[in-house]
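Below is one structure, written out as C-alpha cells; comments come after it.
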Amino acid sequence: MGYTIVLPENWAEYEDEKNTNAFFDTTGWTGNLRITPIKTDTKKIAELFESEVKALKGRAEKFKTQNRFEGVKYSEAEKENFMYYWYLIVKDKIFICSFTINLTEKETQKNKMELIKVNKIIDSIQPE
C-alpha cells in the first residue's frame, strides 16, 4: 500500500483496480471508500493541486489533515450515485480518495455519520 490508515471497527478492504485500495463497512453497506496513491515529482505537485482547484471553479474546499498534509475536497452527483472526493498531498504523492454512496442517501443521518468516519480515515493517512 505504501501508507497506513486507521479503519473503523467493522470496515474491511476489498479488491479493486490496480493501485487502488477499497474499503467498506461490513455490517451494512454505507458506501465505498477508494484510496489511490500516485507518486509524482514534488515540483509538479503544487502545479497539479492548483490546476485541480481551478478546474473545480469554486466547488472545492482546501483542508489539512491531523498530520498537516494539505488537500482539497469537493462532491458531485453522478447518475444514481453521489461522490465525495479528497485530493491529498503527502510528500511526493497525491492521494485521490473517493467515497461513493447512493444519491438517495445523500441527506440522511446515516450518511452524515459515515462521512465522519470517512473523514477520520482520510485524516489518518500516513506514508510508510
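Data overview
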{"item": "For region 78-118, size of Cβ-based charge dipole, Lys and Arg +1, Asp and Glu -1, in debye", "result": "160 debye"}
{"item": "Highest-MSF residue in the chain out of I101, I35, I116 [GNM, Cα springs under 10 Å]", "result": "I116"}
{"item": "Heavy-atom accessible area order for V118, V53, V6, largest first, 1.4 Å probe", "result": "V6, V53, V118"}
{"item": "Farthest toward positive dipole pole in the chain [+1 Lys/Arg, -1 Asp/Glu at C-beta], among S124, W29, I101", "result": "S124"}
{"item": "Peptide ranges 56-69, 85-98 listed from the most packed, as the mean C-beta count within 10 angstrom indicates", "result": "85-98, 56-69"}
{"item": "Long-range HN-HN contacts of Q126 with modeled amide H, under 5 Å", "result": "T4"}
{"item": "Carbon/sulfur fraction of accessible area - region 66-128, other protein chains in place, 1.4 Å, %", "result": "50 percent"}
{"item": "Residue-averaged 222 nm ellipticity for the chain, from DSSP H runs of 4+ at -39500 (n - 2.57), nearest 500", "result": "-7500 deg cm²/dmol"}
{"item": "Protein accessible area in region 19-65, 1.4 Å probe - carbon and sulfur %", "result": "52 percent"}
{"item": "Label-to-label distance, nm, for residues given as N19 and K44 (7 Å Cα→Cβ offset)", "result": "1.0 nm"}
{"item": "Average accessible area per residue (Å²) across the chain - probe 1.4 Å, nucleic acids and ligands excluded", "result": "60 Å²"}
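The values are calculated or read from the model by the stated rules, or taken from the named source; none is laboratory data. Quick caveat, the model's predicted, so the values are computed rather than measured. Every residue, glycine among them, receives a Cβ derived from its backbone with ideal geometry; neighbour counts consider all protein chains shown. Ligands, DNA and RNA are stripped out before the accessible areas are found, and what is left, the full protein with its side chains, is counted by its heavy atoms. Shrake-Rupley method; radii C 1.70, N 1.55, O 1.52, S 1.80 Å.
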